[in-house]
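**Student:** Handing you this structure, nothing more for now.
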Amino acid sequence: MDDHLKQLLLLGREHYQNREYEKAEYLLRQVADKADQFADIHHMLGVITHSRGDFAEAERHFERAVQINPNYTEAQLNLMVTYNDLGKYDEARRLYAEMRSRGQEKGRELDPFAKGKIANMHAELSQAYQDMGMTLDAIRELEKATALCPTFADLLTQLGVLYRDSGDIVRAREKFEAAKAANPKYIQARLLYGVLLLSGGENENAKSEFEAVLALDPDNKSAHTYLRIAKNPKKSEAPPAQGS
């Protein structure tokens, strides 16, 4: 790479780091046109094009980055995200399997950042399945997500809701309890767990959950309503199911 291209790349990276994507793209494309062998240039262009919703162009750049450097983890993760954005779920799963296989061959686990990003991808895929009414597939994807990140209270709570709605109260309870243990201050988990307890006639335990919610959020209307029901079950109807 000659000095002129090096200067363009230096300025392009600087604009990229400052999230000045339009300026960065102009410079980085000039470099890529002359020197196509740098994975990080294609990765940056992939991020830029993905940020404006041009997923097909982002896919091309991320694929090129991975082709140049098959061990470029961040480019692989962003490519997986882009595949999901394009509805290419099989390609995303294939790439994920390849990454895991390489990690096992090297005798190492994926780093926390990678795990978190992949877990959120499984959650997005789960939502896509939910939107199509494919509950069992949605559950499987969230199980994969929580296996990767067992302390993500929001994902555990979403999984609990799916189990509850599919009639598996035992597993729903397990997931709500796990979410509460992962983050005792996560209000949605405690509220939903309380509703589950209340629906099962465990009024005292339900009261504890609603009181814990109100300690965190004194103006939570749902918690106030359900707490009144828990205290006076004969004067109230059963609470409606809470959404995720």
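The values are calculated or read from the model by the stated rules, or taken from the named source; none is laboratory data. Since we're looking at a predicted model, the values are computed, not measured. Methodologically, a virtual Cβ is constructed for each residue, glycine included, from the backbone with ideal geometry; neighbour enumeration extends over all protein chains shown.
**Student:** So, of the residues in region 1-17 that are under 15 Å from Val47 (Cβ atoms) and either in contact (Cβ under 8 Å) with a residue 40 or more places away in the chain or not charged (D, E, K, R) (or both), which turns out to be surrounded by the fewest Cβ atoms within 10 Å (Cβ to Cβ)?
**Tutor:** Across region 1-17, the extreme among qualifying residues is Gln17.
**Student:** Taking Leu79 as meeting all but one of (1) of a type in the set (A, V, I, L, M); (2) surrounded by fewer than 17 Cβ atoms within 10 Å (Cβ to Cβ); (3) modelled with pLDDT of 90 or more, write down the number of the exception.
**Tutor:** Leu79 satisfies all of (1) of a type in the set (A, V, I, L, M); (2) surrounded by fewer than 17 Cβ atoms within 10 Å (Cβ to Cβ); (3) modelled with pLDDT of 90 or more except (2).
**Student:** Condition first: hydroxyl-bearing (Ser, Thr, Tyr), without any contact (Cβ under 8 Å) to a residue 40 or more places away in the chain and surrounded by 13 or more Cβ atoms within 10 Å (Cβ to Cβ). Can you find one or more residues in region 26-41 that meet it?
**Tutor:** Yes, region 26-41 contains at least one residue that is hydroxyl-bearing (Ser, Thr, Tyr), without any contact (Cβ under 8 Å) to a residue 40 or more places away in the chain and surrounded by 13 or more Cβ atoms within 10 Å (Cβ to Cβ).
**Student:** Moving on to the next point. Going by the structure shown, is Ala56 modelled with pLDDT of 90 or more and surrounded by 16 or more Cβ atoms within 10 Å (Cβ to Cβ)?
**Tutor:** No: the conditions fail for Ala56.
To keep it simple, each residue is scored yes or no on (1) in contact (Cβ under 8 Å) with a residue 40 or more places away in the chain; (2) surrounded by 17 or more Cβ atoms within 10 Å (Cβ to Cβ); (3) not in a helix (DSSP H, G or I); (4) not hydroxyl-bearing (Ser, Thr, Tyr).
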site	(1), (2), (3), (4)
Lys117	yes, yes, no, yes
Ser126	no, yes, no, no
Ile139	no, yes, no, yes
Gly167	no, no, yes, yes
Glu177	no, no, no, yes
Leu198	yes, yes, no, yes
Glu209	no, yes, no, yes
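**Student:** Now for a separate question. For region 51-74, enumerate the residues that are within 22 Å of the chain's Cα centre (by Cα) and closer than 22 Å to Leu8 by Cα.
**Tutor:** Scanning region 51-74 gives Ser51, Ala58, Phe62.
**Student:** Which ones in region 179-196 are in a helix (DSSP H, G or I) and not small (Gly, Ala, Ser)?
**Tutor:** Once the filter is applied, which keeps residues that are in a helix (DSSP H, G or I) and not small (Gly, Ala, Ser), region 179-196 yields Lys180, Ile187, Gln188, Arg190, Leu191, Leu192, Tyr193, Val195, Leu196.
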